[in-house]
Structure formats: structure tokens, C-alpha cells
Amino acid sequence: MKSQGNSGSGQQQKRILIIDDDPDTIITFRLALEDSGYKVDSYTDPVFAYQNFRNGIYDLVILDIKMPEIDGFHFYQKIRRTDSRVKKCFFTTNDERFQKEYGFDVFKQEFFLRKPIEIKDLVHAIKKLLLR
């Protein structure tokens, strides 16, 4: 297991699940977050990801909003029934329209990150979200 100073001394390694139908996005985000000390699992198929999702495993789930078969908001609604404590972060290119369309306008802006995103901004946002 990789030991990183960024993950916090004496703290358990945080686990993140990334679900995005774009394999390049998955690889880029996964490598950046693993380099920052996180344990990362990822899926390009949201249906398969949901079938393998288990309560209490992840600290954070990162979801692309626009995916085939199950969009990010519906995926979130499904996993919330299984694990209500897991934090979530949505990736989108049109965040405001989707938030209102799906009734998620109650979420604060930190839950929504716009793609494309710089790696340093991604890591900073994830650290901030996990500390909340």
C-alpha cells in the first residue's frame, strides 16, 4: 500500500469510487487521486457499478451526470438507499440546468464540479469535501 504524506498521518486511507462512462476521465482522475493518497475504485458502466456497490465501503462517490442507462442523479438516488452516509460529488458540463431538472438545487456548489477540471483543482475540491 502506498503511503502518502497528503493522506494525513494516523488516519485511515479514504476510499473513493469514480463512475464515468469516459475511460480517459477515469484513468486521469484515478491516477491523480491515488497519487494524493486515496484508494480508488472506478467503473465506466454505471449498471455494473451499482451491482457491485456495498454499504460502508466508500467515503466518497464521484459521479458523472450524463451516463448511459443510469445517469448520475438516479445512481445517487439508488445508492443513497444502500449507504446514506457516503458523500457524493457530481461532474458535469452543465451543472445548473441538471441540478434544477432533477431537483438537486438544494445541494451546495461544492458537490458539483465542472469538466474539464485541472487536476490540482480536482484534488483540492476532493480534499475539502472529505474534510466536511
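The values are calculated or read from the model by the stated rules, or taken from the named source; none is laboratory data. Please read all numbers here as calculations on a predicted model, not as lab measurements. Every residue, glycine among them, receives a Cβ derived from its backbone with ideal geometry; neighbour counts consider all protein chains shown.
Please identify the pairs in which a residue from segment 22-42 that is within 12 Å of residue 120 (Cα to Cα) has its Cβ atom under 6 Å from the Cβ atom of a residue that is of a type in the set (Val, Ile, Thr) and loosely packed, with under 15 Cβ neighbours inside 10 Å, counting only partners at least 6 apart or on another chain.
So the pair list comes out as 32/119.
Considering only residues that are charged (D, E, K, R) and buried (at least 18 other Cβ atoms within 10 Å of the Cβ), which ones fall in segment 31-50? Steps first, please.
Filtering segment 31-50 down to residues charged (D, E, K, R) leaves 34-35, 39, 41, 45.
Across segment 31-50, the qualifying residue is only 39.
Looking at 53, 98, 107, which one is surrounded by 18 or more Cβ atoms within 10 Å (Cβ to Cβ) and modelled with pLDDT under 95?
Exactly one residue qualifies, and that residue is 98.
Determine, yes or no, whether residue 88 is modelled with pLDDT under 95 and under 14 Å from the mean Cα position of the chain (by Cα). Give the derivation first.
Details: modelled with pLDDT under 95: yes; under 14 Å from the mean Cα position of the chain (by Cα): yes.
The answer is yes for residue 88.
Which of the residues belonging to segment 25-46 are at pLDDT below 95 and more than 14 Å from the chain's Cα centre (by Cα)?
Across segment 25-46, there are no qualifying residues.
So, of the residues in segment 56-85 that are hydrophobic (A, V, I, L, M, F, W, C) and modelled with pLDDT under 95, which turns out to be farthest from residue 114 (Cα to Cα)?
79
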